[in-house]
Every structure is written in C-alpha cells, then in structure tokens.
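Taking it in order: structure first as structure tokens, then the write-up.
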Amino acid sequence: MKLVEIPRVKRISKQDFLKDYLKPQLPVVIEEFNGDWAAHSKWSFAYMKEVAGDKIVPLYDDRPVHHEDGFNEPHAQMKMSEYIDLLKSEPTKFRIFLWNILKEVPVLQKDFSYPDFGIRLLKGVPMLFFGGENSHTFMHYDIDLANIFHFHFEGEKECVLFPQSENKHLYKVPYSIITHESIDFSNPDFEKWPALKNANGFKTGLKHGEVLYIPEGYWHYMKYKTAGFSMSLRALARNPFNFAHAAYNIFIMRHFDVLMRKLKGQRWIDWKNEKAIFRTNKLISQKP
C-alpha cells in the first residue's frame, strides 16, 4: 500500500476548509479545534462513567460476519461503568460504535455545539465510538456516504483511509460496505492480498482534541493504539452520484443482502467473500 500522511493544520477557517478540503474531497486533521467545547476538558472515561454508567451499551468485536447476525446486531451488552472499567484494566476487542449520545445521554449535548464548517451537519445523530487497546474496525465506508468529522477524546488511534477510486485494489465484498474481513490493514500480508500493493490511500494518528475530516464515501479503518473514544458528526453527501449511491445502499442493497442471508444462510456470506477475492485478482491480472 502507498499511504501518505493526511495533511495537518493547527486551525482552519471555514473558507479555507471549503476551498482546500471539502470541495476537492480531501481529508485533513485539525489539531487544535476547540469551538468553546466543554467536552475538551470534561470528556474522559471517568466523566462518561459518571454520566452514563448505568446505561446498557451494545458491544462489538472483530469476529467475522455470520449469516445469523442481524444488521448492526451487537455481540454483547454491558453496563457502561463495567465496560469502562474493562477498558482501563486490560486490552479488549469489545467496541461501541454508532451510539447516539443525544438519545442515550442528553446531558452530554450541553458539552458541545455544532461547528460551522460551511456544510450543514445533521443534528440528530452525534455518534460515539469506544474501543479497547488494539481493537479495530473492519475497513469500511459509511452506508450513507456522509461527510464525517471525527473528534477524538482520550487515548490514541491510527486511521487508514482510501477514496472510492481505490475499490479495485481493496477486495471489496459485493453487496456490502466492507472489504474482506481477513485483511489486517495495520500490517497487511501482501503475499495473500497482492492487489493491496497498488492501493493509494492516507494515514494518520489521532490524539485527544484532534479532528479528522473524512470525505464522502471514503473507506476507513480505525485501530485503537490505546483505549479511547471519539465522536462523529456528519453531513449528507453533496455529490449527486454519492447521494444516489447512498440511497441505493440504504433502500435496496441492504435489504437485498438481508433477504439473501435468510434464503442462503452462511453460503451467501462465503460466496461474497470468495467473490471479493476473485474479482480483485481478476482485475489486477488484466493488462492495463
């Protein structure tokens, strides 16, 4: 893989963000975003345990997708207080993702505001993501191809991004928004996954207080170097093609995939994984 460091800025004006990153659809890390957020000084594991400790949270790990799994169905559940104790005591694969803090813990809404980046942010879906040391997400892109502003709190994580133009190198699973689950994007085996050698993407690390802008439809892989958590704010895709792609994913592809899981069971999952390898290897074998 050919990964270049994502550009980093200390601060950025709305005009410069629109011109240099949103319009050309390029990622950027803002190192000193503040926005007068109380969250920057308050949000920690201890604070989350205090305000949300009694909440039952959905947990996910890195087990392969199984046909009996429902869409975004958690692998386990735990009180937030117990989960945070686990995060602080030992490495764990359990993660929280897409946890709507506005719905679950409304008091947290008082700790941040929606910044003006020159793009309309969706105000009903501020999502939190937690992970233990060395846990990771599969390489994926968001089903709605949203513009994402990923605000990181506590700990450190590494991020790898690819634009949709790199699909042919990534072993994309058909009827899905993930790549082949066996690929370790933090240390890929190029003998097993040769097409990845030709993939051009981006990388960066995030620390407390930093913000990563992820453009529409970008693939992203996140690995927690230490236990930590982040919040994502999002805006709808502006590109008409991406907006149409998002509608297809949500209203057609997702339901077709669920139907095929019911009809064919694990054979459907296995076929998709095999097809990801076959299609990608076929593409790289063709002469340019």
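Annotations for the structure displayed:
- Filtered residues of region 215-225 (kept if in contact with a strand residue (DSSP E or B) (Cβ under 9 Å, 6 or more places away or on another chain) and either assigned to a loop (DSSP other than H, G, I, E, B) or over 16 Å from residue 136 (Cβ atoms) (or both)): 215, 216, 218, 225
- Filtering region 1-16 to residues that are surrounded by 13 or more Cβ atoms within 10 Å (Cβ to Cβ) and in a loop (DSSP other than H, G, I, E, B) leaves 1, 6, 7, 12.
- Among the residues making up region 87-109, those that are modelled with pLDDT of 90 or more, of a type outside the set (Phe, Trp, Tyr) and buried (at least 16 other Cβ atoms within 10 Å of the Cβ) are 87, 92, 93, 95, 96, 105, 108.
Table: residues versus (1) touching a Ser or Thr at 6+ places or on another chain (Cβ under 7 Å); (2) surrounded by 12 or more Cβ atoms within 10 Å (Cβ to Cβ); (3) free of Cβ contacts under 8 Å to residues at least 12 places away in the same chain; (4) not hydroxyl-bearing (Ser, Thr, Tyr).
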{"site": "244", "(1), (2), (3), (4)": "no, yes, yes, yes"}
{"site": "249", "(1), (2), (3), (4)": "no, yes, no, yes"}
{"site": "252", "(1), (2), (3), (4)": "no, no, yes, yes"}
{"site": "259", "(1), (2), (3), (4)": "no, no, yes, yes"}
{"site": "263", "(1), (2), (3), (4)": "no, no, yes, yes"}
{"site": "275", "(1), (2), (3), (4)": "no, yes, no, yes"}
{"site": "279", "(1), (2), (3), (4)": "no, yes, no, yes"}
{"site": "284", "(1), (2), (3), (4)": "no, yes, no, yes"}
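- Residue ID - farthest from residue 15 (Cα to Cα), chosen from residues in region 101-154 that are among the polar types (S, T, N, Q) and out of contact with any strand residue (DSSP E or B) (no Cβ under 7 Å at 6 or more places or on another chain): 109
- In region 142-161, residue surrounded by the fewest Cβ atoms within 10 Å (Cβ to Cβ) [restricted to those that are in contact with a helix residue (DSSP H, G or I) (Cβ under 9 Å, 6 or more places away or on another chain) and more than 25 Å from residue 76 (Cβ to Cβ)]: 144
The values are calculated or read from the model by the stated rules, or taken from the named source; none is laboratory data. Predicted, not measured: the structure shown is a model, and the values here were computed from it. Neighbour counts are summed over all protein chains in view; Cβ atoms, including those assigned to glycine, are modelled from backbone coordinates with ideal geometry.
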